[in-house]
């Protein structure tokens, strides 16, 4: 029997989950994270640490930067990548997404259509990362974790996320499609 015809393979790895299944899984994992680590799930803080580690690798010093001046931040930076839970979780998300794509036979390299597309992707990624750090979190930490904790800041984040998505979608359609 071929694995591609196995109904469990099709259900778990080939077909997309329903929105309800995704919401339930997100809720279960977020609750488990809160129970194990006693803090909400976040993604972008580790990216700031990654940037600091890379900067230190080329001889830079972040000790006097406000974000890295606290004792907790200094401990995170001195303990290294493999001892940082946020970095390990992010690495797991990246590798898990790759494995899911490979198992579903959906991985494909696409031809770059134009340098305009490359510019839009780089600019969009940089703006999203910068915005996430300004907002003190991304859609995981500042939206899902805040809303599930009944924080008003999560709902305010949602309103501006929605407005930004509308504006971004219009700009994308006008200039890059």
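A few notes on this one:
Yes or no, residue by residue, for (1) in a loop (DSSP other than H, G, I, E, B); (2) within 16 Å of the chain's Cα centre (by Cα):
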residue	(1), (2)
113	yes, no
129	no, yes
142	no, yes
165	no, no
174	no, no
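- Residues of segment 32-50 classified as surrounded by fewer than 14 Cβ atoms within 10 Å (Cβ to Cβ) and either under 27 Å from residue 107 (Cβ atoms) or modelled with pLDDT of 85 or more (or both), total: 3
- Some residue of segment 93-110 being surrounded by 12 or more Cβ atoms within 10 Å (Cβ to Cβ), touching a residue at least 24 places away in the same chain (Cβ under 8 Å) and either in a loop (DSSP other than H, G, I, E, B) or touching a helix residue (DSSP H, G or I) at 6+ places or on another chain (Cβ under 6 Å) (or both): yes
- Some residue of segment 126-139 being free of Cβ contacts under 8 Å to residues at least 60 places away in the same chain and touching a helix residue (DSSP H, G or I) at 6+ places or on another chain (Cβ under 6 Å): yes
- Checked against (1) in contact (Cβ under 8 Å) with a residue 12 or more places away in the chain; (2) surrounded by 11 or more Cβ atoms within 10 Å (Cβ to Cβ); (3) within 29 Å of residue 176 (Cα to Cα), residue 67 passes all but a single condition, namely (3).
- Some residue of segment 2-13 being in contact with a helix residue (DSSP H, G or I) (Cβ under 6 Å, 6 or more places away or on another chain), over 23 Å from residue 142 (Cβ atoms) and either touching a residue at least 12 places away in the same chain (Cβ under 8 Å) or surrounded by 12 or more Cβ atoms within 10 Å (Cβ to Cβ) (or both): yes
- Residue among 49, 63 that is within 23 Å of residue 133 (Cα to Cα), out of contact with any strand residue (DSSP E or B) (no Cβ under 9 Å at 6 or more places or on another chain) and in a loop (DSSP other than H, G, I, E, B): 63
- Checking each residue in segment 145-164 for being surrounded by fewer than 13 Cβ atoms within 10 Å (Cβ to Cβ) and modelled with pLDDT under 90 picks out 149, 150.
- In this structure, residue 76 does satisfy being touching a residue at least 24 places away in the same chain (Cβ under 8 Å), closer than 16 Å to residue 133 by Cβ and over 14 Å from the mean Cα position of the chain (by Cα).
- Counting only residues that are assigned to a loop (DSSP other than H, G, I, E, B) and either surrounded by 11 or more Cβ atoms within 10 Å (Cβ to Cβ) or at pLDDT below 85 (or both), segment 70-79 holds 0 of them.
The values are calculated or read from the model by the stated rules, or taken from the named source; none is laboratory data. None of the values given here were measured: they were computed from a predicted structure. All Cβ positions, even for glycine, are placed from backbone atoms using ideal geometry, and neighbour counts span all protein chains on display.
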